[in-house]
Amino acid sequence: MSSSTRVVILFVVLIMAGSVVNAWAYLGEAHVDRRELKNFPTQAGDWKQEGGDQHFDAETLSVLRASDYLLRGYRRGNGPRANLYVGYYATQRNGASYHSPLNCLPGAGWSMLEPGTVTITLPDGKNFAANKYVIQNGDYRELMIYWYQGRGRTVASEYWGKIYTVLDSVRLRRSDAAMVRVTVPIAESETAALESAREFAALTAEELPAFVPN
(Lines give C-alpha, C1' and ligand atoms only; values in the text may rest on other atoms or scores of the structure.)
Protein backbone atom coordinates (compact mmCIF):
# COMPACT_ATOMS: atom_id res chain seq x y z
CA MET A 1 0.00 0.00 0.00
CA SER A 2 1.46 3.33 -1.00
CA SER A 3 1.91 6.19 1.44
CA SER A 4 -0.61 8.31 -0.42
CA THR A 5 -3.22 5.55 -0.12
CA ARG A 6 -2.61 5.29 3.61
CA VAL A 7 -3.04 9.03 3.97
CA VAL A 8 -6.37 8.88 2.12
CA ILE A 9 -7.59 5.99 4.30
CA LEU A 10 -6.55 7.81 7.47
CA PHE A 11 -8.32 10.95 6.27
CA VAL A 12 -11.54 9.02 5.59
CA VAL A 13 -11.37 7.35 9.01
CA LEU A 14 -10.90 10.71 10.72
CA ILE A 15 -13.83 12.20 8.82
CA MET A 16 -16.06 9.27 9.78
CA ALA A 17 -14.97 9.44 13.44
CA GLY A 18 -15.65 13.17 13.48
CA SER A 19 -19.10 12.60 12.03
CA VAL A 20 -19.91 10.03 14.73
CA VAL A 21 -18.74 12.37 17.50
CA ASN A 22 -20.71 15.31 16.07
CA ALA A 23 -23.84 13.20 15.70
CA TRP A 24 -23.42 11.89 19.26
CA ALA A 25 -23.08 15.43 20.62
CA TYR A 26 -26.02 16.72 18.56
CA LEU A 27 -28.44 13.93 19.45
CA GLY A 28 -27.57 14.04 23.15
CA GLU A 29 -28.38 11.49 25.83
CA ALA A 30 -31.18 9.06 24.99
CA HIS A 31 -34.21 9.38 27.28
CA VAL A 32 -35.01 6.45 29.56
CA ASP A 33 -38.03 6.18 31.84
CA ARG A 34 -37.33 5.49 35.47
CA ARG A 35 -38.83 5.91 38.94
CA GLU A 36 -37.32 8.24 41.51
CA LEU A 37 -35.28 6.51 44.21
CA LYS A 38 -37.43 7.98 46.97
CA ASN A 39 -40.05 5.47 45.78
CA PHE A 40 -37.75 2.47 46.25
CA PRO A 41 -39.57 -0.32 48.14
CA THR A 42 -39.58 0.04 51.91
CA GLN A 43 -39.47 -3.75 52.20
CA ALA A 44 -37.25 -6.28 50.44
CA GLY A 45 -37.91 -9.85 51.50
CA ASP A 46 -37.84 -9.86 55.30
CA TRP A 47 -35.93 -6.58 55.40
CA LYS A 48 -38.01 -3.51 56.28
CA GLN A 49 -37.13 0.16 56.29
CA GLU A 50 -35.99 1.44 59.67
CA GLY A 51 -36.41 5.16 60.24
CA GLY A 52 -36.71 7.85 57.59
CA ASP A 53 -34.54 8.37 54.54
CA GLN A 54 -31.20 10.02 55.31
CA HIS A 55 -29.96 13.09 53.44
CA PHE A 56 -26.56 14.57 52.64
CA ASP A 57 -25.67 18.17 53.37
CA ALA A 58 -25.22 20.70 50.57
CA GLU A 59 -21.43 20.40 50.57
CA THR A 60 -21.53 16.63 50.11
CA LEU A 61 -24.14 16.92 47.37
CA SER A 62 -21.97 19.41 45.49
CA VAL A 63 -19.16 16.84 45.46
CA LEU A 64 -21.35 13.83 44.58
CA ARG A 65 -23.23 15.63 41.78
CA ALA A 66 -25.71 12.74 41.64
CA SER A 67 -28.96 13.18 39.69
CA ASP A 68 -30.82 11.16 42.31
CA TYR A 69 -29.79 9.22 45.38
CA LEU A 70 -31.10 7.03 48.18
CA LEU A 71 -29.61 6.59 51.66
CA ARG A 72 -31.79 4.38 53.81
CA GLY A 73 -31.59 1.92 56.70
CA TYR A 74 -33.26 -1.50 56.78
CA ARG A 75 -33.59 -4.23 59.39
CA ARG A 76 -34.52 -7.91 59.25
CA GLY A 77 -36.96 -8.46 62.12
CA ASN A 78 -35.13 -7.89 65.40
CA GLY A 79 -31.88 -9.00 63.82
CA PRO A 80 -29.25 -7.48 61.57
CA ARG A 81 -29.37 -3.98 60.16
CA ALA A 82 -28.26 -2.84 56.71
CA ASN A 83 -27.70 0.53 55.12
CA LEU A 84 -28.35 1.06 51.41
CA TYR A 85 -26.86 3.84 49.30
CA VAL A 86 -27.66 4.26 45.60
CA GLY A 87 -26.15 7.18 43.71
CA TYR A 88 -27.71 7.53 40.25
CA TYR A 89 -26.30 9.64 37.40
CA ALA A 90 -28.66 10.36 34.52
CA THR A 91 -25.68 11.27 32.33
CA GLN A 92 -21.91 11.21 32.72
CA ARG A 93 -21.26 13.47 29.72
CA ASN A 94 -20.99 16.61 31.85
CA GLY A 95 -18.20 15.27 34.05
CA ALA A 96 -20.46 14.06 36.87
CA SER A 97 -19.80 10.41 37.67
CA TYR A 98 -20.12 7.93 40.51
CA HIS A 99 -17.53 8.01 43.27
CA SER A 100 -15.78 4.86 44.45
CA PRO A 101 -15.92 4.29 48.23
CA LEU A 102 -12.16 3.78 47.99
CA ASN A 103 -11.85 7.51 47.31
CA CYS A 104 -14.52 8.79 49.67
CA LEU A 105 -14.44 6.73 52.87
CA PRO A 106 -10.73 7.06 53.84
CA GLY A 107 -11.13 10.84 53.86
CA ALA A 108 -13.92 10.40 56.41
CA GLY A 109 -11.69 8.38 58.74
CA TRP A 110 -12.53 4.86 57.58
CA SER A 111 -9.88 2.17 57.05
CA MET A 112 -10.46 -0.18 54.10
CA LEU A 113 -9.54 -3.73 55.16
CA GLU A 114 -9.70 -7.26 53.72
CA PRO A 115 -10.46 -6.40 50.07
CA GLY A 116 -12.07 -9.05 47.89
CA THR A 117 -15.01 -9.89 45.69
CA VAL A 118 -18.18 -11.82 46.42
CA THR A 119 -20.86 -13.36 44.25
CA ILE A 120 -24.38 -12.00 44.64
CA THR A 121 -27.04 -14.48 43.54
CA LEU A 122 -30.42 -13.00 42.67
CA PRO A 123 -33.69 -14.78 43.48
CA ASP A 124 -34.02 -15.75 39.78
CA GLY A 125 -30.65 -17.54 39.88
CA LYS A 126 -28.64 -14.93 37.98
CA ASN A 127 -25.51 -13.67 39.69
CA PHE A 128 -22.90 -10.94 39.53
CA ALA A 129 -19.63 -10.05 41.23
CA ALA A 130 -19.40 -7.24 43.78
CA ASN A 131 -16.58 -5.71 45.77
CA LYS A 132 -16.22 -6.61 49.44
CA TYR A 133 -14.40 -4.76 52.23
CA VAL A 134 -14.33 -4.64 55.98
CA ILE A 135 -14.38 -0.94 56.89
CA GLN A 136 -13.34 0.31 60.29
CA ASN A 137 -13.54 3.65 62.09
CA GLY A 138 -12.05 3.43 65.57
CA ASP A 139 -13.46 0.26 67.14
CA TYR A 140 -16.54 0.23 64.92
CA ARG A 141 -16.54 -2.18 61.98
CA GLU A 142 -18.89 -2.85 59.08
CA LEU A 143 -18.99 -5.26 56.16
CA MET A 144 -19.35 -3.33 52.88
CA ILE A 145 -20.41 -4.60 49.46
CA TYR A 146 -20.61 -2.32 46.43
CA TRP A 147 -20.97 -2.49 42.67
CA TYR A 148 -21.79 -0.41 39.58
CA GLN A 149 -25.08 -0.89 37.76
CA GLY A 150 -26.85 0.50 34.71
CA ARG A 151 -27.78 -0.08 31.08
CA GLY A 152 -28.26 -3.80 31.74
CA ARG A 153 -24.77 -4.25 33.19
CA THR A 154 -23.69 -5.01 36.75
CA VAL A 155 -19.92 -4.90 37.36
CA ALA A 156 -17.52 -4.76 40.29
CA SER A 157 -14.71 -2.98 38.46
CA GLU A 158 -14.91 0.81 38.29
CA TYR A 159 -12.56 0.75 35.30
CA TRP A 160 -14.70 -1.69 33.30
CA GLY A 161 -17.69 0.40 34.27
CA LYS A 162 -16.03 3.44 32.66
CA ILE A 163 -15.10 1.46 29.54
CA TYR A 164 -18.67 0.20 29.15
CA THR A 165 -19.92 3.76 29.63
CA VAL A 166 -17.84 4.93 26.65
CA LEU A 167 -19.01 2.02 24.49
CA ASP A 168 -22.66 2.43 25.45
CA SER A 169 -22.47 6.19 24.91
CA VAL A 170 -21.73 5.48 21.24
CA ARG A 171 -23.86 2.37 20.81
CA LEU A 172 -26.92 3.35 22.87
CA ARG A 173 -26.43 7.13 23.40
CA ARG A 174 -26.62 6.37 27.12
CA SER A 175 -24.17 6.96 29.95
CA ASP A 176 -26.59 6.69 32.87
CA ALA A 177 -25.49 4.44 35.74
CA ALA A 178 -25.36 4.09 39.52
CA MET A 179 -23.04 3.06 42.29
CA VAL A 180 -24.76 0.78 44.80
CA ARG A 181 -23.39 0.23 48.31
CA VAL A 182 -24.61 -2.03 51.10
CA THR A 183 -23.12 -1.93 54.60
CA VAL A 184 -23.89 -4.19 57.54
CA PRO A 185 -22.47 -3.72 61.07
CA ILE A 186 -20.21 -6.57 62.19
CA ALA A 187 -21.76 -7.84 65.42
CA GLU A 188 -21.45 -11.62 65.84
CA SER A 189 -18.87 -12.30 63.13
CA GLU A 190 -17.65 -11.18 59.71
CA THR A 191 -19.17 -14.33 58.20
CA ALA A 192 -22.63 -13.54 59.58
CA ALA A 193 -22.37 -9.93 58.43
CA LEU A 194 -21.28 -11.03 54.95
CA GLU A 195 -24.19 -13.42 54.56
CA SER A 196 -26.64 -10.71 55.67
CA ALA A 197 -25.07 -8.21 53.27
CA ARG A 198 -25.21 -10.68 50.36
CA GLU A 199 -28.86 -11.52 51.06
CA PHE A 200 -29.88 -7.88 51.29
CA ALA A 201 -27.81 -6.93 48.22
CA ALA A 202 -29.51 -9.64 46.15
CA LEU A 203 -32.99 -8.49 47.14
CA THR A 204 -32.28 -4.83 46.45
CA ALA A 205 -30.46 -5.50 43.16
CA GLU A 206 -33.56 -7.30 41.92
CA GLU A 207 -35.65 -4.15 42.49
CA LEU A 208 -33.18 -1.65 41.03
CA PRO A 209 -33.91 -1.80 37.25
CA ALA A 210 -37.09 0.24 37.74
CA PHE A 211 -34.93 3.00 39.25
CA VAL A 212 -31.62 2.35 37.44
CA PRO A 213 -32.86 1.32 33.98
CA ASN A 214 -31.51 -1.59 31.99
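The values are calculated or read from the model by the stated rules, or taken from the named source; none is laboratory data. None of these values were measured; they are calculated from a predicted model. Cβ: placed from backbone, ideal geometry, glycine included. Neighbour counts: every protein chain shown. The accessibility values were calculated without ligands, DNA or RNA, using every heavy atom of the protein model including side chains. Shrake-Rupley method; radii C 1.70, N 1.55, O 1.52, S 1.80 Å.
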Taking the range 57-78 and keeping only residues that are open to solvent by 50 Å² or more (accessible area, probe 1.4 Å), touching a residue at least 12 places away in the same chain (Cβ under 8 Å), of a type outside the set (Ser, Thr, Tyr) and not in a strand (DSSP E or B), one is left with 63, 65, 77
Scan (1) surrounded by 20 or more Cβ atoms within 10 Å (Cβ to Cβ); (2) closer than 18 Å to residue 32 by Cα for the single condition residue 153 breaks and write down its number.
(1)
Residue list for the range 28-56, filter: closer than 23 Å to residue 152 by Cα and either in contact with a Ser or Thr (Cβ under 6 Å, 6 or more places away or on another chain) or in a strand (DSSP E or B) (or both)
29, 44
Please verify whether the range 94-114 includes one or more residues that are over 13 Å from the mean Cα position of the chain (by Cα) and acidic (Asp, Glu).
yes
Of the residues 197, 178, only one is of a type in the set (A, V, I, L, M, F, W, C) and either over 16 Å from residue 34 (Cβ atoms) or assigned to a helix (DSSP H, G or I) (or both); which?
197
Might you let me know whether the range 85-101 holds any residue that is small (Gly, Ala, Ser) and farther than 29 Å from residue 173 by Cβ?
no
Here the residues within the range 134-161 that are of a type in the set (Lys, Arg) and without any contact (Cβ under 8 Å) to a residue 40 or more places away in the chain are 153
Would you check if residue 58 is modelled with pLDDT under 85 and more than 14 Å from residue 87 (Cα to Cα)?
no
Selection count where residues are in a strand (DSSP E or B) and loosely packed, with under 15 Cβ neighbours inside 10 Å, scope the range 79-94:
0
